[in-house]
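The values are calculated or read from the model by the stated rules, or taken from the named source; none is laboratory data. This structure is a prediction, so every number in the text was calculated from the model and none was measured. Cβ sites come from the backbone with ideal geometry, for glycine too, and all protein chains shown count toward neighbours. Just so you know, the surface numbers come from the protein's heavy atoms only, side chains and all, with ligands and any DNA or RNA stripped out. Shrake-Rupley method; radii C 1.70, N 1.55, O 1.52, S 1.80 Å.
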Amino acid sequence: MEELINQLKEQIIEALNLEDMTPADIDADAPLFGEGLGLDSIDALELIVLMEREYGIKLGNPAEGKKIFSSVASIADYVSKNRKK
Amino acid sequence: MKIYVTGMGIVSALGIGVDATLTALRESRSGIGPVKYLDTVHRDLPAGEVPASDAELAAMLRAEAPVSRMRTVMIGAIAAREAMADAGLSPDDLCDDVLINGTTVGGMDYTEKHFAEALQHDFEGESAQNLQYNDCGSATDLMASMCGPFRMVTTTSTACSSAANAMILGANMIKAGLADRVIAGGTEALSRFHFNGFNTLMILSSQPCTPFDRAHCGINLGEGAAYLVLESEESARRRGAKPLAVLSGYGNACDAFHQTATSDNGEGPFLAMSKALKSAGLRPDDISYINTHGTGTPNNDDSELAAIKRIWPDKVPCYSSTKGFTAHTTSASGAIESVISILALRHSFVPASLRCVNPTDPDHAPVMATMFDTKLTHVMNNSFGFGGNDSALIISKAE
Amino acid sequence: MNGMNKCYIISGSCLHDGEADVRKYVTPGEARRMCRILKRAVYTSFEALRQSGIECPDAIITGTSMGCMENSEKFLTDICRNGEQLLKPTLFMQSTHNTIASMTGILLKCHGYNMTYSQGGVSFTSALLDAWLQIRAGEISNALVGCHDELTDAIRKIRHAAHPEIAPADFREASAAFMLASEPLGDKPIELKKVIILHRPSPRRLEEAIRSLSAKGTPLSGCSEAEAEAESLLCASADAESVYSACRRLSPLPGEPKSALVVTRAGESVSLIKLTLVSPCGC
């Protein structure tokens, strides 16, 4: 799980252009949206693309993503249970 | 000073020309259907395509030189020529006139047909030639050369409010005495580029759209073009041209909230509509119908209705979205819906928000079945673009 | 109705090729999605605003011939390489030409008039015309007017194919932003006397337009039409660059030019912009 979390952090930094951040700067349990990293609806869409490209997980509805994308830990949990690749 | 509309032309999924459009509107016949002409893998997403192939469009233009193979230019030229003829103008009359064209995608439909080949050749030599003059300004220049000699030509590009903003600049130029007559509007053909672009935002509907319905299934993209001949009262009187309508007010404001989302309270739409009322010197209850932006996404429809309720807290005027007919014609929508608004004014009807069955706000429901024999005086027409480029126009009956 | 107010250029900023350091003006969070053209637009716009002392303009009006080209090209390339799937929403969102003006509006929380023109080499002149007529009509009292364009390797090659005499590396990209106002503020306010755009003008019409701008006894400086055409081939923002350099050349010192006519010939349009230095005595 630790490995997946780190991999996800790197992928998120790249996909969302978080240029100034390193994986160590992201708390796996901290909220990604709103207060946390200050991500917005477009970032959520970028994460949906990332999930499909890297893990073969298709999310048809942005509303589904809301809960899954609440933190890096929650994404890792969902990926580990649903990944197709 | 009054700004008259002395001619108009339109091409959309409802057909070619004002008459075809009027018939479809009165019969509540939608132009939305499966994709036929656009080369895309997304066959599950319906669209509002202009019912003619590129070859058929070229034939309608009788292909005299110069010819353009850009669909955006072809539908634009057809609509602009109709507007000029409707105003009783021939190309020889236009040498002091201004053409203001709203487009965002420009010649992208042509670019994307040749991009893969150019990419393969690393944009060297001949492969680059097909990509040379496809930008928005070049598309407008080409259209201008197919319609007549104009004194000045320019292009507004504010995404889905481009055509509305073209009309605003046109009216401002006439008021400032910089032109007697301006042909203003917009054109946009479907492209794989923006079809896929909207798809990445996950706001396209796999069914015909249902603006202001609780189902909120999203947008259908469409294509089309429309132009209005805007003319000073004096110029129209001088040449004995009868006004179809009056462009009596307009407002442009920025939501300044997000690149793709509208603020919950609809600040930009609220400001645009308020400015339009002020510039027309009208009170809110003077407005008899609002042709909304009404794209069919929950974000747009809810914030637009929130903004409307801020201006009309007691009684919302009758309103509808005609995107259920034409689909969302993006850059052209402001002009297309202006033509529809003028038809509604002149023929005393209010087109329905098609397929709206369970309104999001039952106390303030849109017009769900076309209303006939309804006298309209002033129509508000909203156009909102990406980045919060929000504009509202008020079109009034000519006395 | 014909212009009760006057219109002045009260500040300006211009940047050429390369990336601008925007950290002075925006947070890393705000900057993270910005491509090169957006960074240059932010830098020049905020610089012009800072010099003018105006925090939030009444209007933001931008000209760009190709918009955020890099993003558009990446999105098209992705469609070609990966098919119509797994495409990036950010690239599309920032591909429309109005991204620049609307993003500036969002950063400044500026709800005023917001507009974008995209008419090749006279995109900036179109934006200037809009600001000029609204300030003169008293609709607005000031406006941030900019012009921003970026080149990619592909665009350089495509332009070279059309103009083989120009090497791909010789095409320039530029950004310029100006504050316009109805009051002659600042150190060296310059009156924007007139803005004219002509489409395929006949020699006679062009001559008449130029004559209408050259009031008796007003010496005009500016580049020749042939030079203007060459400049606009090299740089899509040539009209904005020329206005910037003309503003710098005007000087109250004896023997220096007091007014300038900026001529741009780009594509099928010719634009004429007349600038006059406000005399220091205020007369």
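Under 16 Å Cα to Cα from B:LYS323, which aspartates and glutamates show up? Leave out anything in the same chain fewer than 8 places away.
Result set, ordered by chain and number: B:GLU27, B:GLU49, B:GLU188, B:ASP213, B:GLU223, B:ASP301, B:ASP302, B:GLU304, B:GLU337.
Might you report the magnitude of the Cβ-based charge dipole of the protein assembly as shown about its Cα centre, with Lys and Arg at +1 and Asp and Glu at -1, to the nearest 20 debye?
Result for the protein assembly as shown is approximately 1780 debye, rounded to the nearest 20.
Heavy-atom accessible area per residue, chain C, 1.4 Å probe: how many Å²?
Normalised by residue count, the accessible surface of chain C is 38 Å².
What whole-number value in Å² describes the accessible area per residue of chain B for a 1.4 Å probe?
With the other protein chains kept in place, chain B gives 31 Å² per residue.
Share of antiparallel DSSP beta bridges in chain C, in percent to the nearest 5?
Just about 75 percent of them are antiparallel.
What distance in nm separates the simple spin-label points at C:ARG204 and B:LYS375, each placed 7 Å from Cα in the Cβ direction?
5.1
What is the percent carbon and sulfur in the accessible area of the range B:196-346, measuring with a 1.4 Å probe over the protein chains and ignoring ligands?
Heavy-atom surface of the range B:196-346 belonging to carbon and sulfur, 1.4 Å probe: 51 percent.
Taking the Cα centre of chain B as the origin, how large is its charge dipole in debye, to the nearest 20, when only Lys and Arg (+1) and Asp and Glu (-1) carry charge on their Cβ atoms?
For chain B, the charge dipole is close to 1020 debye.
List residues of the range B:33-63, by number, whose backbone nitrogen lies under 19 Å from a label position 7 Å along Cα→C-beta of A:GLU52.
Under cut-off, by backbone N: B:35, B:39-47.
Give the calculated FRET efficiency between B:GLN132 and C:SER212 to the nearest 0.05, with a Förster radius of 51 Å applied to their Cβ-Cβ distance.
Efficiency at R0 = 51 Å is approximately 0.90.
Which of the lysines could a cross-linker span from B:LYS242 if the Cα-Cα distance has to be under 22 Å and same-chain partners fewer than 8 positions apart are dropped?
Partners found: B:LYS2, B:LYS175, B:LYS375, B:LYS397.
To the nearest 100 Å², how much accessible surface do chains C and B hide from each other in total, with a 1.4 Å probe?
The summed interface area works out to 5300 Å².
Using 7 Å Cα-to-Cβ label points, what is the B:ASP93/C:ASP187 separation (nm, one decimal)?
Each label point is offset 7 Å from its Cα along the Cβ direction, giving 5.4 nm.
Kindly flag which residue pairs out of B:LYS275/B:LYS309; A:LYS84/C:LYS39; B:LYS275/C:LYS74; A:LYS58/B:LYS113 have an alpha-carbon separation exceeding 27 Å in this structure.
From the list (B:LYS275/B:LYS309; A:LYS84/C:LYS39; B:LYS275/C:LYS74; A:LYS58/B:LYS113), the Cα-Cα distance tops 27 Å for A:LYS84/C:LYS39; B:LYS275/C:LYS74; A:LYS58/B:LYS113.
Rounded to a whole number, what % of the accessible area of the range C:81-158 do carbon and sulfur atoms account for, probe 1.4 Å?
Carbon and sulfur: 46 percent of the exposed surface of the range C:81-158.
With unit charges on the beta carbons (Lys and Arg positive, Asp and Glu negative) and the dipole taken about the Cα centre of the protein assembly as shown, which residue among B:PHE212, C:LEU192, B:LEU244 sits farthest to the positive side?
B:LEU244
To the nearest 0.05, what FRET efficiency results for B:ALA215 and C:LEU253 with a Förster distance of 56 Å applied to their C-beta separation?
Efficiency for this residue pair is about 0.20.
Using just the helices of chain B, give the 222 nm mean residue ellipticity in deg cm²/dmol: DSSP H runs with n ≥ 4 each add -39,500 (n - 2.57), and the total is spread over all residues, rounded to 500.
The per-residue figure over chain B is -10000 deg cm²/dmol.
Whole-Hz Karplus ³J(HN,Hα) for the range A:27-38, in order, using 6.51 cos²θ - 1.76 cosθ + 1.60 and θ = phi - 60°, x for Gly and Pro?
7, 4, 9, 6, x, 7, 9, x, 4, x, 7, x
Under 17 Å from a label point 7 Å along Cα→Cβ of C:SER279: give me every residue in the range C:229-268 with its amide N that close.
Flagged as within label range: C:251-260.
What are the residues of the range C:105-132 that lose 30 Å² or more of accessible area, with a 1.4 Å probe, going from their chain alone to all protein chains?
By number: C:ILE106, C:HIS111, C:TYR113, C:ASN114, C:MET115, C:THR116, C:TYR117, C:SER118, C:GLN119, C:LEU129.
Does anyone have the angle between helix C:203-213 and the longest principal axis of chain C? Alpha-carbon axes, 0 to 90°, nearest 10?
Helix C:203-213 and the main axis of chain C meet at about 60 degrees.
From the Cα trace of the range C:8-181, what convex hull volume per residue do you get, rounded to a whole Å³?
122
What average count of beta carbons from other chains do you get within 10 Å of the Cβ of residues in B:248-256?
5
Can you work out the FRET efficiency for the pair C:SER141 and A:ASN82, with r the C-beta to C-beta distance and R0 = 60 Å, to the nearest 0.05?
0.55
Once the other residues with Cβ under 13 Å from the Cβ of B:LYS113 are scored (Lys, Arg +1; Asp, Glu -1), what is the net sum?
-2
If we count every other residue with Cβ under 14 angstrom of B:ALA189's Cβ, Lys/Arg +1 and Asp/Glu -1, where does the sum land?
-3
Work through the residues other than B:THR72 whose Cβ is under 14 Å from its Cβ and net out their charges, Lys, Arg +1 and Asp, Glu -1.
That works out to -4.
Could I have the simple spin-label model distance between B:ALA116 and B:GLU399, label points 7 Å from Cα toward Cβ, reported in nm to one decimal?
Each label point lies 7 Å from its Cα, and together they span 6.1 nm.
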